[in-house]
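None of the figures in this text is laboratory data; all of them are computed from the coordinates on show. Only a predicted model underlies this, so the values are computations on that prediction, with no experimental measurement involved. Because the Cβ atoms are built from the backbone with ideal geometry, glycine has one as well, and the counts that use them run over all protein chains shown.
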Amino acid sequence: MSGARENIVRLDGVEKHFGAVRALDGVDFHVDAGECIGLVGHNGAGKSTLMHTLAGTLEPGRGRIAVRGTVEESYSVIRAKRLGIRCVFQELSLCPNLSVAENTRVNHPAIRGFGWRKRSAALIKAKLDEIFPGHGIDPWDIVSDLSIGKRQMVEVARAFTVTDDPLDLVILDEPTSSLDAHTAGQLLAFVRRFVASGKSCILISHLLGEILENADRIVVMRDGKVVATDAASSFDRERLVSTMGGADHREKPATPAEILARQAGPLRVRARPVRQSDGAELKAHEGEIIGLAGLAGHGQTDLLLAVFDAARGGKPDVEASAPVALVAGDRQTDGIFAQWSIAKNIGVRSLARLRNGLLISPRKEDEMAETWKQKIGIRTPDMDSNILSLSGGNQQKALFARALGSDAKIILMDDPMRGVDIGTKLEVYDLIREEAKGGRTFLWYTTETDELEHCDRVYVFRGGVIVASLNRGEVTEEKVIQSSFSEAS
Amino acid sequence: MTQARALFSTPWIWSFVGAFVVWLATITFTGGVGGGGMLTAALSLAVFMVIVGVGQMFVITLGPGNVDLSLPANIGLASAVAMTVMNGQDSRIALGLLAALASGAAVGASNYLLIWALRIPPIIATLSASFIIHSIDIAFGRGLQIKPPPGFADFTNVQFFGIPVMAMLTVLFTIGAAIALNRMIYGRSVLAIGQNLRAAWLAGVSVGWIRFVTYTLCGTLGGLNGALLAGYFRGANVDIGNEYLLSSIAVVVIGGTSVAGGKANVPGIWGASLFLVLLLTMLNTFGVSAGVRLLLTGLIIVGVITAAGGDKALR
Amino acid sequence: MSAASAAIERTPVRPGSAARARMLRAMLPALSLALVVIAIAWLNPRAISYFGFNLMLNLAIPIALATIAQMFVIASNELDLSIGTFVGFVACITATWLRDAPLVGVLILLGSIGVYALLGALIHLRNLPSIVVTLGMSFVWQGLAILTLPTPGGKAPDWLSAIVSFKPPLVPFPIVAAVVIALVVHFGLMRTSYGAILRGSGGNPVALGRAGWSILRVKMTLFALAGLFGVLSGMTLVGITTAGDANIGNGYTLLAIAGVILGGGEFVGGRVSPIGAVLGALTLALAASPLLTFMKIPPDWQVAANGIILIVVLAARVLISRRER
């Protein structure tokens, strides 16, 4: 594959340890000019560490980094930038208090002196126009005023702006995680154009379809090692999943009779979005899994929060007749307590039940943690270690354990599978179905259309209101997308 | 060996080490004279710092920006309230103490009311409140010459084998505070809010209620401190609480509680309080001037916090 | 699928609603100031004159400078609890060394700015809580001030007194000075390319580090600027009061924090506004004594009135920003 093409960057036998954990275990890896590499693997497989090593934000413990054939002795972020290697990190690296143009200036020391504001604004505007036509972002918008999707667009566009440093390789870590299908399509099309012009790209994504469609070559990582490298055309979904080490087992979907039986059960949630003017409302019965679909940020989370409020206080238009628990999708800001152990993170929703008299019983807390460690498969030697010692997917499992281990009968899920590997997903899907059978009600907001097939009924949101309600048989990607974009009649 | 290392890696142990070093330095200077008496006096004075320190600790643990700046005014007012209600009669001690606690609780509750209703940072809310409380105290407490009831004054000074009874009671109180922090829903909730307020709310913690309780608790402890100070120093005074603004914050932080919130430590407050009190005693013993004393106190606080290292969480 | 979606227009977002909200938020400090001026005009119309403002805003310049100093520290997510005693220390140095031995005085003041920069470095490198470090420093500055000037005294250098008693035509000097301070700092922090980096350090320091900027340098710059404006505050204060006093600046710590917040600043996230901070300082300066005197508040309750005014202004701010939603 590489053949006569120029080698942009090459890693030989790179190792990296974090304490006892081997994040990278002798990785050989290279990128050639004019190719798009798809990098896949479960959370904790070493993708992020590899990427940070390439970007210069992490020093490799052992091994060699060579850029265009020259071995780099003291590789750093600044050196990487000089050599034309950039990275878009998964956690956003914009300053929220600065404008889009000022954030562009942060990445370009060359933009200074008289007229820097104009030059910076023009630079980012041109790139946004090129990648995301019709983006609706003004260079003087303050980043914190932008939606998360727009922030990601700015972040990506900024990585492709050029001043005095060259640009040969851009590493994109889950670049579409907060984008809707339309803008994600724009970005991937741009990546293809970028690669066609002789530059290179590394695309990291959990959406295997995205990788299969857009990468020239796919690199699969597992347990800190590269386990497969091959042309994208030689992979299909099954081969990728099996190489990554995910288990693919699925239960048969519920039959229509079962669904009808559940709809006859007691009503748990009745909610109408604030801006809904017609009579449409969301209803959920005992044992139902209800999907909330549509483009990201169109009122799904607001509705979940309204139900959350209703169960604790009471709100007009929203009824929830049982205790609720919420599984956050944005783990860092809505979910985890960074100073606490895994066990404490799981127990926090159920403190009242973990008491012995007035005091919280450590024994009961440990028992609950152990139960859920087994039940949901949290991979850790010790539930008393800090929550941050877990990989992202396992942190998410702990959040599921927090909600499912509580007394809540209504579980709200706020796009909880964001950036979670497929193995974790499949395990959690099974658990959700099992819990629903036990009588729990799930409201499940998701941006991944695949997940809607687990739902008994799906409500599609657009502009803060419900525009369509689809029953299980009717849920197809096409239909959801159609309803997401057009006004319901 | 590993146990010793674990012990020395806990941040609060250094405050006790520091207190011990300062005490050694002082008795070396005096040639071994008065070491025991100095400890007794230090314990008595440390009690006042510990009481407000515990309140301030719970507030600071609520997260960045949470701090109670109204403690000095609160303490001053409570001391006047306690003395007025007790009116020098032993039979009214309990009533006076209750009144001081109620005064403190009212201050704390109104602090939170301001924070909640005006959605302003606690620093500004408690600061504005302290202006008002201070004025009430001036208007109400001016020329107040009531001595504490003899029984109350004696109680604040009584000792068993050189250990003040008040210090013993305060040790019991701090044990209770440590249990509340680590083993009760209240403490867990405070710690959760301090780490991530939004996540705590989404995990079902009653954020508003817990914050209200915490500010009220801190105010109540300020009220208690005011009454005890008036007993110990034989009378109420508008400025009686002034030094507790800085020292309440200092003992919390030197004691190993994180200013970024979500991580608290009760035993460290004792170590830090003893350290600060003994430090002042030492400088007084050395007979240095006021300027040098302030200078050295400041440098030592900066030095201690630098040596103890930061555990400031990322914001 | 992408063809279908591209053909359909995307959800319209209310254009500029975020920008408008931001504008309104930025106007709040000015409205607060207007509120206080209107109250004074209502109580005593004669106060609204050249001499009235000269008198009422007498101490506004040092307060504004101290507020700007605090603002630089808050911009980097820290808090300076020592700025008040630092202003007092500078006042003592100005009233003694700067007058008697100007060279030594200048060196001491430059050195104290250096100490501020080093504090910034210390706080960053050791990852220390700034509240505690500056709390300790407040004792240090006060101790040094008392050692320099054990009892109030000294005398302001003549050139300094001459500057602060300058009487420009038409507009009172404090107002001219406030406008100059606000514009200079606004330009430096909000409009220069390095100013964006300084503010960015409060917003997302990790991102700044990844982009290759030295956070250490940024922190030291911000703290040095705080020191510089603290020095200017102390010097103008002595120029106005003509003599030094170790306790002269003690109230400035809390005034400066209140000024920054009143000016629309926030404790975390690098959200500060120099113009707002100066407006906040003017509001506090006017509310502190002139307004109270006109309202014939007895001295016992003046402190309380200060607190109430602060609360009223903040409450007004809440009301306005609620309506904006």
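Label points 7 Å out from Cα along the Cβ direction at A:Glu258 and B:Thr285: separation in nm? Modelled inter-label distance: 7.8 nm. As a calculated quantity, the FRET efficiency between B:Gln89 and C:Ile48 at R0 = 60 Å, using C-beta atoms, amounts to about 0.60.
Over every Cα atom in segment B:48-262, the radius of gyration and the widest Cα-Cα span, Dmax, amount to 17.1, 53 Å.
Within the P(r) computed for chain A, what percentage of the Cα pairs occupies the region above 36 Å? Numbers along the way, then the final one.
Details: 41794 of 119316 pairs.
The proportion of pairs with Cα distances above 36 Å equals 35 percent.
Take the Cα of A:Asp302, step 7 Å along the line toward its Cβ, and report every residue of segment A:142-158 whose backbone nitrogen sits under 14 Å from that point. The answer is A:147, whose backbone nitrogens lie closer than 14 Å to the label point. Segment C:Ala121..C:Ser214, full-extension length gain: 32.4 nm, with 0.36 nm per residue of separation and the alpha-carbon distance subtracted. Ordering B:Ser70, A:Leu426, A:Ala320 by Cα displacement along the dipole of the protein assembly as shown toward the positive end leaves B:Ser70 in first place; charges were set at the Cβ atoms of Lys, Arg (+1) and Asp, Glu (-1). By the combined test of axial Cα extent (at least 30 Å) and Kyte-Doolittle hydropathy (mean at least 0.5), none of the DSSP H helices of chain A qualifies. Connecting C-alpha atoms closer than 10 Å in a GNM of chain B, tell me which of B:Ala167, B:Ala117, B:Ala102 has the biggest fluctuation. Of the options given, B:Ala117 has the highest mean-square fluctuation.
Under a 5 Å amide H cut-off, with hydrogens placed 1.01 Å from N, A:Leu39 pairs with A:Leu203, A:Ile204, A:Ser205, A:Val219 among residues at least 5 apart or on other chains. With Cα atoms defining each centre, segment C:124-164 and segment A:22-43 are spaced 56 Å apart in the structure.
Assigning unit charges at the beta carbon (Lys, Arg +1; Asp, Glu -1) and nothing else, what dipole magnitude in debye, to the nearest 20, does segment B:48-262 show about its Cα centre? Before the final figure, lay out the partial values.
Numbers: 9 positive and 6 negative charges, 86 e Å.
With only Lys, Arg, Asp and Glu charged at Cβ, the dipole is about 420 debye.
Secondary-structure-derived ellipticity at 222 nm for chain B, considering helices only, amounts to -24500 deg cm²/dmol, per-run term -39500 (n - 2.57) for DSSP H runs with n ≥ 4.
If the Kirkwood radius is taken over C-alpha pairs of segment C:218-270, then at 4 °C and 1.567 mPa s the Stokes-Einstein diffusion coefficient equals 102 µm²/s.
Residues considered: C:Ile261, C:Ile240, C:Ile38. Largest GNM mean-square fluctuation over chain C, using C-alpha springs under 10 Å, is found at C:Ile38.
Which whole-number percent of Cα pairs in chain C have a distance greater than 25 Å?
Details: 28429 of 52650 pairs.
The share of Cα pairs beyond 25 Å in chain C comes to 54 percent.
Helix C:102-125 and the longest principal axis of the C-alpha atoms of chain C enclose an angle of approximately 40°.
Which net charge results when you count Lys and Arg as +1 and Asp and Glu as -1 among the other residues whose beta-carbon is under 15 Å from that of C:Pro157?
0
Taking H placed 1.01 Å from N in the peptide plane, check which residues at least 5 places from A:Phe442 or on another chain put their amide H under 5 Å from its amide H. Sorted by chain and number, the residues that satisfy this are A:Glu288, A:Ile289, A:Ile290, A:Ile411. By DSSP, the beta bridges lying fully in the protein assembly as shown are antiparallel in about 55 percent of cases.
Do any GluC sites (Glu not before Pro) in segment A:69-118 lie in a loop, going by DSSP, with at most 11 other beta-carbon atoms within 10 Å of their beta carbon, and if so which? Intermediate results must be reported in sequence, preceding the final value.
On the way: sites: A:Glu72, A:Glu73, A:Glu91, A:Glu102; in loops: A:Glu72, A:Glu73, A:Glu91.
Those that pass, being in a loop and sparsely packed, are A:Glu73, A:Glu91.
Close amide H partners of A:Gly63, meaning residues 5 or more places away or on another chain with modelled amide H under 5 Å apart, are A:Glu15. Evaluate the charge dipole of the protein assembly as shown about its Cα centre and quote only its size in Debye, nearest 20, assuming +1 on the Cβ of each Lys and Arg and -1 on the Cβ of each Asp and Glu. Charge dipole of the protein assembly as shown: 1700 debye, to the nearest 20.
For chain C, the longest principal axis of the alpha carbon atoms and the long axis of helix C:83-95 meet at an angle near 40°. Build a GNM of chain C with springs between Cα atoms under 10 Å apart, and of C:Ser214, C:Ser76, C:Ser138 the one that fluctuates most is C:Ser214. As an equivalent ellipsoid, the protein assembly as shown spans semi-axes of 53, 36, 31 angstrom, where each value is the square root of five times an eigenvalue of the C-alpha gyration tensor, largest first.
For A:Arg79 and C:Leu107, what is the calculated FRET efficiency with R₀ set at 41 Å and r taken between the beta-carbons, to the nearest 0.05?
Details: r = 41 Å, r/R0 = 0.99.
E(calc), rounded to 0.05, equals 0.50.
Once both axes come from the Cα atoms, what is the angle between helix C:60-75 and the longest principal axis of chain C, in degrees from 0 to 90, rounded to 10? On a 0 to 90 degree scale, this one is about 40. Simple rule: put +1 on each Lys or Arg Cβ and -1 on each Asp or Glu Cβ in chain A, find the dipole, and look at A:Ala215, A:Val460, A:Leu203; the Cα lying farthest toward the positive end is A:Leu203.
Taken over the alpha carbons of segment C:184-325 as equal point scatterers, the Debye sum produces base-10 log I(q)/I(0) values at 0.10 Å⁻¹ of -0.46. I want the local charge near A:Leu390. Using Cβ-Cβ distances under 9 Å, sum +1 for each Lys or Arg and -1 for each Asp or Glu among the other residues. Overall, the nearby charge balance is +2.
Counting only whole DSSP H helices of chain B, the ones at least 30 Å long by C-alpha along their axis and with mean Kyte-Doolittle hydropathy no lower than 0.0 are B:35-61, B:93-118, B:207-232.
Taking the Cβ of A:Asp414 as the centre, find all other residues whose Cβ is under 11 Å away and add up their charges (Lys, Arg: +1; Asp, Glu: -1).
On the way: positive: A:Arg331, A:Arg418; negative: A:Asp302, A:Asp330, A:Asp334, A:Asp415.
Its environment carries a net charge of -2.
Label positions at A:Trp140 and A:Leu426, each projected 7 Å from the Cα along the C-beta direction, are separated by 5.4 nm.
Of the residues B:Ile146, C:Ala41, C:Ala288, the one whose Cα sits farthest toward the positive end of the charge dipole of the protein assembly as shown, with +1 on the Cβ of Lys and Arg and -1 on the Cβ of Asp and Glu, is C:Ala41.
With a simple spin-label model that places each label point 7 Å from the Cα along the Cα-to-Cβ direction, the separation between B:Ile175 and A:Glu434 comes to 4.5 nm. Computed from backbone phi, the HN-Hα couplings of segment B:143-159 come to x, 6, 10, 7, 7, x, x, x, x, 6, 4, 5, 4, 6, 10, 5, 10 Hz, rounded to whole numbers (Karplus: 6.51 cos²θ - 1.76 cosθ + 1.60, θ = phi - 60°; Gly and Pro given as x). The share of Cα pairs per 5 Å bin across segment A:327-411, counted from zero up to the longest distance, runs 3, 17, 29, 27, 16, 7, 1, 0 percent. The B:Leu299 and B:Ala41 beta-carbon pair, evaluated with R₀ = 22 Å, returns a calculated FRET efficiency of approximately 0.40. Its Cα centre serving as origin, chain A has a Cβ charge dipole (Lys and Arg +1, Asp and Glu -1) of approximately 880 debye.
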